[in-house]
Amino acid sequence: MKKTALLFPGQGSQEKNMGRDLAESDRDIMDIWKRAERASNIALREIYWDGDDAAMTDTRNLQPALTAANLSLWHAASKKLSPACAAGHSLGEFSAIAASGALSLDDTFEMVALRGQLMADADPRGIGAMSAIVKLKLETVRALVEETANETGELLIIANYNTPLQFVVSGTKAACAHCGERVKAMKGRAISLAVSGAFHSPLMEDAARELARALEKRSWNKPAFPIYCNALGTAVNDAESLRAAMQKQMTSSVFWIDTICNQWKDGVRRWVELGPKALLVKMVKPILEDVPGALCEETAPDACAISSKDDLAMLP
């Protein structure tokens, strides 16, 4: 049996009707959605199942709804999966933590609902932005970010290290726009993201402090399996270290390349994504291409996505 890692996606993986097929066929899964609605005081099923495109992108709605969709899939798949570890991308990290039992389901929904509200309110002047940068290597992106910050006097950092040719920068709108022009000149692509602020950057500090206080008050348990945390890229095995890492998450970069590489080094050979879209599993091979021997025939990684009730049949 291959050593398996669970992957849970974050913002950007939402879609209409996510989780509906499972919930309408399983009373326990429907209860997961109801608990998310109670924690957030939002009619999530009405928004995501009946379809309101504008409301679906609102981070206040999205964060509890996507967590409910992710955890619905975990509830259905947990009977067939025995994970060695887990990781979640940005918001998805809360799904990984809930799946491990480190936080209760209700505490998880309360925290992601609060996180969504804090992130939506963190930039009342609308100065923050994020852009994906693709087709350029890390050394080039680092240089462009540093040059942009120096030339504009504005904040800009690398927020997401997704793959060796896919990064996300976060900072002021002026800095993102300036960097985007430089990226195009270097034959790369800069794609503005539809977000309400500069997530995973120092512009989230006030919101992060409030969330950290709320996380401090929750009861944390030892996870049933290690969580590879965004802020570290390495495995965390105890409750206190996990809480400390999550208190830094809103302002820290997402070290996803390190996460997948370290899982590989620790013996993971199978990745299973639980979320509405197959996004994270598509990153595994590009990341491991830079790891000597990782893609040879004998040890080639196995990556699959479970996005619906029908996909569950793929699991042995």
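The values are calculated or read from the model by the stated rules, or taken from the named source; none is laboratory data. It should be emphasised that the depicted structure is a prediction, and the values quoted were computed from it without experimental measurement. Glycine gets a Cβ as well: all are built from the backbone with ideal geometry, and neighbour counts include every protein chain shown.
Being over 22 Å from Lys309 (Cα atoms), of a type in the set (Lys, Arg) and either surrounded by fewer than 20 Cβ atoms within 10 Å (Cβ to Cβ) or under 21 Å from the mean Cα position of the chain (by Cα) (or both) is the requirement here; does Arg27 meet it? No: the conditions fail for Arg27.
Residues considered: Thr163, Thr140, Thr148. Of these, the only one that is surrounded by 16 or more Cβ atoms within 10 Å (Cβ to Cβ), without any contact (Cβ under 8 Å) to a residue 40 or more places away in the chain and not acidic (Asp, Glu) is Thr148. Among the residues that make up segment 211-219, is at least one of them basic (Lys, Arg), crowded, with 16+ Cβ neighbours inside 10 Å and either assigned to a helix (DSSP H, G or I) or not assigned by TED's automatic domain parsing to the domain that holds Ser13 (or both)? Scanning segment 211-219, I find no residue that is basic (Lys, Arg), crowded, with 16+ Cβ neighbours inside 10 Å and either assigned to a helix (DSSP H, G or I) or not assigned by TED's automatic domain parsing to the domain that holds Ser13 (or both), so the answer is no.
Looking across segment 64-109, the residues that are in a helix (DSSP H, G or I) and small (Gly, Ala, Ser) come down to Ala65, Ala68, Ala69, Ser72, Ala76, Ala77, Gly92, Ser95, Ala96, Ala98, Ala99, Ser100. Residues in segment 167-195 that are under 14 Å from Ser253 (Cα atoms) and not small (Gly, Ala, Ser): Phe167, Val168, Val169. Which residue out of Ala76, Ala86, Ala55 is of a type outside the set (Val, Ile, Thr), crowded, with 20+ Cβ neighbours inside 10 Å and either out of contact with any Leu (no Cβ under 7 Å at 6 or more places or on another chain) or within 21 Å of Arg218 (Cβ to Cβ) (or both)? On inspection, the qualifying residue turns out to be Ala86. Mind checking whether some residue in segment 284-307 is more than 17 Å from Asn230 (Cβ to Cβ), of a type in the set (Lys, Arg) and outside any loop (DSSP other than H, G, I, E, B)? Looking through segment 284-307, at least one residue is more than 17 Å from Asn230 (Cβ to Cβ), of a type in the set (Lys, Arg) and outside any loop (DSSP other than H, G, I, E, B).
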